[in-house]
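Novice: Got a structure here, written out as structure tokens. Questions coming.
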Amino acid sequence: MPEEIKQPTQPETSKKEVLTQILKKLTSTGDIEGAAVITRDGLLIASELSSGIDADTFAAMSATMTGAAETAVQELKKSSPDRIIVESSATKLITAGAGEQAILACIVNPAAKLGMILLEMKKATAAIEKEVK
């Protein structure tokens with residue numbers, strides 16, 4: 001007699017769905033206008049970005065920028081940077097490592113207070129790191 005397949009008692013949540021929920025929570029803080037989880041080689045894993053942004057291009061360029069900044073700091077014989085911040089008059093782009101495999105990239109209102117943003121990003125990167133392991 002074939003073994004019975006047990007149905008899960010709760011619907012299983014995919015990794016992408018969990019990451020998307022983390023990003024939705026992050027962008028609900030107000031000053032974070034968009035966010036994405038990307039691989040270190042620039043592939044998009046999950047995003048909460050406005051429709052006018054090409055998510056794949058954003059992911060690739062954010063990973064490239066982060067990798068270049070990490071390499072530059074390592075050439076100084078210092079530790080890897082905790083985050084990379086790019087500022088313009090219209091926006092801030094902040095990337096932070098989320099473990100060895102992923103990067104969190106956030107688009108932030110230029111007038112935002114960075115203290116709360118960085119605290120929320122730190123919480124999110126810890127949750128992302130656990131999920132992508």
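The values are calculated or read from the model by the stated rules, or taken from the named source; none is laboratory data. Quantities reported herein were computed from a predicted structural model and do not represent experimental measurements. Counting neighbours? That spans all protein chains shown, and the Cβs are built from the backbone with ideal geometry, glycine included.
Novice: On the basis of being more than 18 Å from residue 24 (Cβ to Cβ), touching a residue at least 12 places away in the same chain (Cβ under 8 Å) and out of contact with any helix residue (DSSP H, G or I) (no Cβ under 7 Å at 6 or more places or on another chain), does residue 122 make the cut?
Specialist: It is false that residue 122 is more than 18 Å from residue 24 (Cβ to Cβ), touching a residue at least 12 places away in the same chain (Cβ under 8 Å) and out of contact with any helix residue (DSSP H, G or I) (no Cβ under 7 Å at 6 or more places or on another chain).
Novice: Do you know which residues across the range 57-89 are charged (D, E, K, R) and under 14 Å from the mean Cα position of the chain (by Cα)?
Specialist: 82, 83
Novice: Hey, residue 14 hits all of (1) surrounded by 12 or more Cβ atoms within 10 Å (Cβ to Cβ); (2) more than 15 Å from residue 124 (Cα to Cα); (3) of a type outside the set (A, V, I, L, M) but one; which does it fall short on?
Specialist: The one condition residue 14 does not meet is (1).
Novice: Out of the residues in the range 56-101 meeting the condition of being of a type in the set (Gly, Ala, Ser) and in contact with an Asp or Glu (Cβ under 7 Å, 6 or more places away or on another chain), tell me which one is modelled with the lowest pLDDT.
Specialist: 80
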